[in-house]
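> Pasting a structure here, questions to come.
The values are calculated or read from the model by the stated rules, or taken from the named source; none is laboratory data. This structure is a prediction, so every number in the text was calculated from the model and none was measured. Don't worry about glycine lacking a Cβ; one is built from the backbone with ideal geometry, like all the others, and counts go over all protein chains shown.
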Amino acid sequence: MAEEDCDVTMVDYITCTDDIETILQLPYSIVTSDTVYPDKGRPHPRGYGNTAMLLTEYVQKRKTLTLEQAVHKMTGLPARIVSLPRKGLLRPGYDADIVVFGRDSITCNADYQNPERFTTGFELVMVGGAIAVERDTRTNSCQGRCVLR
């Protein structure tokens, strides 16, 4: 650590798929990413593909959660747990934080060899009612045309 000025990242393999599925099915478990975005080195692929991995692997493929359960574990439940009023649900008077995607169009492109590949399939991201990311219809991705406002 001293030789690297504490600028070290790591990838741990600490949880098997069966354990992940068990944890996901607990009514109080939420889905977030604890990854950081280092300014150099190789990040963990879940930093770019955490949501996509949940939707493709544990909703579509394994059927561990329904789509509605997965969305709730990423939105409403965490907002309630950390007491973020007006977040996490689509209700009048709440902040308009919205992600638009097709149920079967999400692809996680990040892997351990190429961890900074963006997910494809998210059409639009709105934060507080303003467009934060918009898909480029010519390339079918946000790469190169993400509108970050």
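> So the check is Cβ under 8 Å with 6+ separation or different chains; which pairs have a first residue in the range 112-137 that's touching a residue at least 60 places away in the same chain (Cβ under 8 Å) and a second one that's in a strand (DSSP E or B)?
F118/S141; T119/T107; G121/F101; G121/T107
> I'm trying to understand the selection: among the residues of the range 1-43, which are at pLDDT 85 or above and of a type in the set (A, V, I, L, M, F, W, C)?
Scanning the range 1-43 gives C16, I20, I23, L24, L26, I30, V31.
> Here's a follow-up. Among (1) modelled with pLDDT of 95 or more; (2) farther than 28 Å from L124 by Cβ; (3) not aliphatic (A, V, I, L, M), there is one condition Y58 misses while meeting the rest; what is its number?
Among (1) modelled with pLDDT of 95 or more; (2) farther than 28 Å from L124 by Cβ; (3) not aliphatic (A, V, I, L, M), Y58 violates only (2).
> What single numbered condition from (1) touching a residue at least 60 places away in the same chain (Cβ under 8 Å); (2) surrounded by fewer than 16 Cβ atoms within 10 Å (Cβ to Cβ); (3) out of contact with any Ser or Thr (no Cβ under 8 Å at 6 or more places or on another chain) fails to hold for P45?
In the conditions (1) touching a residue at least 60 places away in the same chain (Cβ under 8 Å); (2) surrounded by fewer than 16 Cβ atoms within 10 Å (Cβ to Cβ); (3) out of contact with any Ser or Thr (no Cβ under 8 Å at 6 or more places or on another chain), P45 misses (2) alone.
> Give the residue, chosen from N50, N114, N109, that is farther than 23 Å from G129 by Cβ and either outside any loop (DSSP other than H, G, I, E, B) or at pLDDT 95 or above (or both).
Unique residue meeting the criteria: N50.
> Here's another thing I want to ask about it. Given the condition over 20 Å from R117 (Cβ atoms), out of contact with any Gly (no Cβ under 7 Å at 6 or more places or on another chain) and among the aromatic types (F, W, Y), answer yes or no: does some residue in the range 85-95 qualify?
yes
> Which residue out of T64, T75, T56, T51 is touching a residue at least 40 places away in the same chain (Cβ under 8 Å) and farther than 22 Å from Y112 by Cα?
T64
> Filter the range 127-137 down to residues that are surrounded by 17 or more Cβ atoms within 10 Å (Cβ to Cβ) and either of a type in the set (S, T, Y) or part of a strand (DSSP E or B) (or both) and give me whichever is nearest to the chain's Cα centre (by Cα).
Ranking the qualifying residues of the range 127-137, first place goes to V133.
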